[in-house]
1. Test of understanding: ordering Phe53, Phe3, Phe16 by Cβ neighbours within 10 Å, fewest first, what list do you get?
2. Taking a ≥ b ≥ c as the square roots of the Cα gyration tensor eigenvalues, with a/c under 1.5 meaning rounded and otherwise prolate when a/b beats b/c, else oblate, which class fits the stretch 4-90?
3. Pull up all non-local amide H partners of Trp67: gap of 5 or more, or a different chain, and H-to-H distance under 5 Å with H placed in the peptide plane.
4. Return the sequence-ordered ³J(HN,Hα) values of the stretch 31-42 in whole Hz as given by the Karplus equation 6.51 cos²θ - 1.76 cosθ + 1.60 applied to θ = phi - 60°, using x for Gly and Pro.
5. About its Cα centre, what dipole magnitude does the chain give when the only charges are +1 on Lys and Arg Cβ and -1 on Asp and Glu Cβ, stated in debye to the nearest 20?
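Quick note: the coordinates plus some simple rules give every number you see, no bench work behind them. Nothing here was measured: the structure is a model prediction, and the numbers come from that model. Quick reminder, even Gly has a Cβ in these numbers, built from the backbone with ideal geometry, and neighbours come from all protein chains shown.
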Amino acid sequence: MKFQKIEKEEISALQFPSNDVLQNEERKKERSQKLIRASILGNLEKEKCKILFRSSKGHNYVETTIWAVTDKYVCLKGGVAILITAIIEVI
């Protein structure tokens, strides 16, 4: 699978799939754990992560700092949010 880099500022214009991109419950749990860890590192160490996700433009990734994780969204700097169910992997 090939992922195209996208700038954080472009995310607001994207649409995300209505169904979760992950079907396996174990992978969903792992995604949640990685998002929480990345948000802690982002807030304490200002460390960036790579978020691989699916959108209306196909498979994308963004390198950014995660500021917060809610039950449905990952919040990035500048009020940008990504739907958690669209996230394939967090590195």
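1. Ascending Cβ contact count within 10 Å gives the list Phe3, Phe16, Phe53.
2. oblate
3. Those lying under 5 Å, H to H, from Trp67 are Cys75, Leu76, Lys77.
4. 4, 4, 5, 5, 5, 5, 4, 5, 6, 5, 5, x
5. Once rounded to the nearest 20, the dipole reads 100 debye.
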